[in-house]
2 protein chains.
Amino acid sequence: MESQKLNKHYRDDERLHKIGDKIRFYRTVKGLTQAELAQECGDKDWSQISRMERGLVNFTVSYLFLLAKILDVPVEKFLED
Amino acid sequence: MESQKLNKHYRDDERLHKIGDKIRFYRTVKGLTQAELAQECGDKDWSQISRMERGLVNFTVSYLFLLAKILDVPVEKFLED
C-alpha cells in the first residue's frame with residue numbers, strides 16, 4: 001500500500017462535503033436552524049455549522065457523535081455514501 | 001434538549017476509548033505494528049497511534065476515514081457499540 005504520506009492534518013474533502021450534506025439534511029428534518037443547532041452544540045457561532053455543512057471544517061469524531069445525539073440520528077448515517 | 005453547553009473542543013472520552021479499542025483490534029487483524037500503521041498514515045510518530053488506541057486523541061473524521069482505508073475496514077465498524 002503506497003504510504004499516504006499524510007499526517008494527522010489529513011483532510012478528506014470529498015468525505016467532509018458528503019457529511020456536510022447529511023448534517024444539513026438531518027438538521028432540516030429536525031426543524032432546526034443553523035443557529036439553533038450551533039447553540040445545542042454549545043457553539044455561540046452559527047457560522048461553524050454553516051461551514052461544516054459546506055464541508056469546510058475537519059471536525060473531530062467526538063463532535064460527530066454530538067451532532068448525531070442532538071439530531072437523533074445514528075452516527076453511521078452521516079458516513080454512508 | 002438541555003443544551004450541551006460544550007463547543008467544538010467537545011470530547012466524548014467514552015466513545016474515543018471504544019474507537020481506540022477497535023483501531024487496535026483491526027490493526028492486529030491486519031498484522032501491522034503501531035509504527036507500521038503510523039507510517040501508512042504518514043505519521044512519523046508511532047506514539048500517535050498508541051495514544052489513539054488508548055482513547056487519548058480526539059482525532060478528526062478525515063483521519064478516521066484514512067484509518068478505515070488503510071485497515072481495509074468499513075468506517076462504520078469503528079463506530080459500533
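The values are calculated or read from the model by the stated rules, or taken from the named source; none is laboratory data. As the structure is a computational prediction, the values presented were derived from the model and not from experiment. Every residue, glycine as well, gets a Cβ built from its backbone with ideal geometry; the counts of neighbours run over all protein chains shown. The protein model used for the area step is the full one, side chains on, heavy atoms only, and it has no ligands, DNA or RNA in it. Shrake-Rupley method; radii C 1.70, N 1.55, O 1.52, S 1.80 Å.
Filter region A:41-81 down to the residues that are among the acidic types (Asp, Glu) and either open to solvent by 30 Å² or more (accessible area, probe 1.4 Å) or more than 12 Å from A:Gly20 (Cα to Cα) (or both) and list them by number.
Step one: of region A:41-81, the residues among the acidic types (Asp, Glu) are A:43, A:45, A:53, A:72, A:76, A:80-81.
A:Asp43, A:Asp45, A:Asp72, A:Glu76, A:Glu80, A:Asp81 - these are the residues of region A:41-81 that are among the acidic types (Asp, Glu) and either open to solvent by 30 Å² or more (accessible area, probe 1.4 Å) or more than 12 Å from A:Gly20 (Cα to Cα) (or both).
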*Could you grab me the full set of residues in region B:1-29 that are within 9 Å of chain A (Cβ to nearest Cβ) and modelled with pLDDT of 90 or more?*
B:Arg11, B:Asp12, B:Asp13, B:Arg15, B:Leu16, B:Ile19
*Considering only region B:30-55, how many residues are touching a Gly at 6+ places or on another chain (Cβ under 8 Å) and either facing another protein chain (nearest Cβ under 9 Å) or touching a residue at least 40 places away in the same chain (Cβ under 8 Å) (or both)?*
1
*A:Asp21 versus (1) assigned to a helix (DSSP H, G or I); (2) under 26 Å from B:Lys18 (Cα atoms); (3) of a type in the set (Asp, Glu): which is the lone unmet condition?*
(2)
*Within region B:15-34, how many residues are open to solvent by 40 Å² or more (accessible area, probe 1.4 Å) and under 14 Å from A:Thr60 (Cβ atoms)?*
1
_I'm trying to understand the selection: among the residues of region B:18-34, which are among the hydrophobic types (A, V, I, L, M, F, W, C) and under 9 Å from the mean Cα position of the chain (by Cα)?_
B:Ile19, B:Ile23
